Amino acid sequence: MAYQTIELSVHEGLARLTLNQPDQGNPFNAGFCADWAAVANELSSRKDVRAILLSARGRFFSVGGDIGMFSKNLDTLPEKIREWTSTLHMGVARFARMDAPIVASVHGTCMGGACALIANSDLVYTARSARFGAAYSQIGYSCDAGASFGLASRMGLARARRFLLLAETMDAATAQQTGLVDHVVDDAVLAAEAEQAAIKLSQGPTRAYGEIRRLFSRALAQPFEAQLEDEAQGLSRAASTADAREGIMAFVEKRKPQFAGR
């Protein structure tokens, strides 16, 4: 399927998902919201996707919300917001339910909803020169795209709340200290480092990764006993996979496992 704002390629289990509106700074506009839902639908239905690498073209990773689009729709903006988020949020939710882990590769400026997307990724690599911001409150807005969940999960409730309330901007080192990003690397090696991590995940036990991702998505949202039962059920499902059998036999035979994502 062709997308207007995103470029997608899938090769040997790795889906490379690239934000592709470089001239505008990869904004979150109506087209992107629709594409995010559509590409989530495509990837969640494909059997050959075992990991996802999220990156962006151009000077910016993303400038966040399209303020120009907002300014042209002021009288109908509440209705438009519900329309745009209906697709954006459906895509975010479907990515969260996939087995395939997501690696984000962030350069330049990463603002607003883009911070939410990377916060809800499993591994975040960033260039040393990158900057991260949450400017929602500067224009009188709250947050979207899973920011409240993703930022709180990575940074802790109090630190994430401060980030949003004060519309803070952070450099890469500070973002790593808060937990927003996992690895800070030199700009010149960002793409290679992130891709290497994504390729490694694309060769792993995909269904086990999916169980882990879903367990952590609700780890602090339900009673401990319920989480224990979900762990037991997830572990049982993982034990039924071909990859689990391969992992056990490889361990016994003292060799490297060859996982197939099944």
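Right, residue 39: in contact (Cβ under 8 Å) with a residue 40 or more places away in the chain, in a helix (DSSP H, G or I) and surrounded by 16 or more Cβ atoms within 10 Å (Cβ to Cβ) or not? Taking the combined requirement at face value, the residue satisfies it.
Restricting 112, 65 to those that are in contact with a Phe, Trp or Tyr (Cβ under 9 Å, 6 or more places away or on another chain), more than 24 Å from residue 185 (Cα to Cα) and modelled with pLDDT under 95 reduces the list to 65.
In a residue-by-residue description of the range 151-161, the property of being surrounded by 20 or more Cβ atoms within 10 Å (Cβ to Cβ), out of contact with any strand residue (DSSP E or B) (no Cβ under 7 Å at 6 or more places or on another chain) and closer than 30 Å to residue 244 by Cα applies to at least one position. Tell me, yes or no, whether the range 52-68 has at least one residue that is over 16 Å from the mean Cα position of the chain (by Cα), within 16 Å of residue 145 (Cβ to Cβ), in the same structural domain as residue 123 (by TED's automatic domain parsing) and not aliphatic (A, V, I, L, M). Within the range 52-68, one or more residues are over 16 Å from the mean Cα position of the chain (by Cα), within 16 Å of residue 145 (Cβ to Cβ), in the same structural domain as residue 123 (by TED's automatic domain parsing) and not aliphatic (A, V, I, L, M). Here residue 18 passes the criteria (1) more than 29 Å from residue 140 (Cα to Cα); (2) touching a residue at least 40 places away in the same chain (Cβ under 8 Å); (3) among the polar types (S, T, N, Q) except the one numbered (2). Within the range 8-30, the set of residues being outside any loop (DSSP other than H, G, I, E, B) and either aliphatic (A, V, I, L, M) or touching a helix residue (DSSP H, G or I) at 6+ places or on another chain (Cβ under 7 Å) (or both) comprises 8, 10, 14, 15, 17, 19, 28, 30.
Filter the range 170-227 down to residues that are surrounded by fewer than 15 Cβ atoms within 10 Å (Cβ to Cβ) and in contact with a His (Cβ under 9 Å, 6 or more places away or on another chain), then give me how many there are. Qualifying residue count for the region: 1.
Among the residues here, residue 255 does not qualify as over 21 Å from residue 149 (Cα atoms), part of a helix (DSSP H, G or I) and either in the same structural domain as residue 152 (by TED's automatic domain parsing) or of a type in the set (Lys, Arg) (or both).
Taken together, the criteria place residue 34 among residues that are in a helix (DSSP H, G or I), crowded, with 18+ Cβ neighbours inside 10 Å and either of a type in the set (Gly, Ala, Ser) or modelled with pLDDT under 95 (or both).
Which one is surrounded by the fewest Cβ atoms within 10 Å (Cβ to Cβ), of the residues in the range 61-88 that are among the charged types (D, E, K, R) and not in a helix (DSSP H, G or I)? Result: 72.
Scanning the range 89-102 for residues that are of a type in the set (Gly, Ala, Ser), surrounded by 16 or more Cβ atoms within 10 Å (Cβ to Cβ) and either within 17 Å of residue 116 (Cβ to Cβ) or in contact with a His (Cβ under 9 Å, 6 or more places away or on another chain) (or both) returns 91, 96. The condition (being over 9 Å from the mean Cα position of the chain (by Cα) and crowded, with 24+ Cβ neighbours inside 10 Å) is satisfied by just one residue among 113, 108: 113. Residues in the range 4-39 that are over 20 Å from residue 116 (Cα atoms) and touching a Phe, Trp or Tyr at 6+ places or on another chain (Cβ under 9 Å): 4 alone. Scanning the range 252-262 for residues that are without any contact (Cβ under 8 Å) to a residue 60 or more places away in the chain and either in contact with a helix residue (DSSP H, G or I) (Cβ under 8 Å, 6 or more places away or on another chain) or surrounded by 11 or more Cβ atoms within 10 Å (Cβ to Cβ) (or both) yields 256, 257, 258, 259, 260, 262.
The values are calculated or read from the model by the stated rules, or taken from the named source; none is laboratory data. Computed from a predicted model, the values in this text were never measured in an experiment. Don't worry about glycine lacking a Cβ; one is built from the backbone with ideal geometry, like all the others, and counts go over all protein chains shown.
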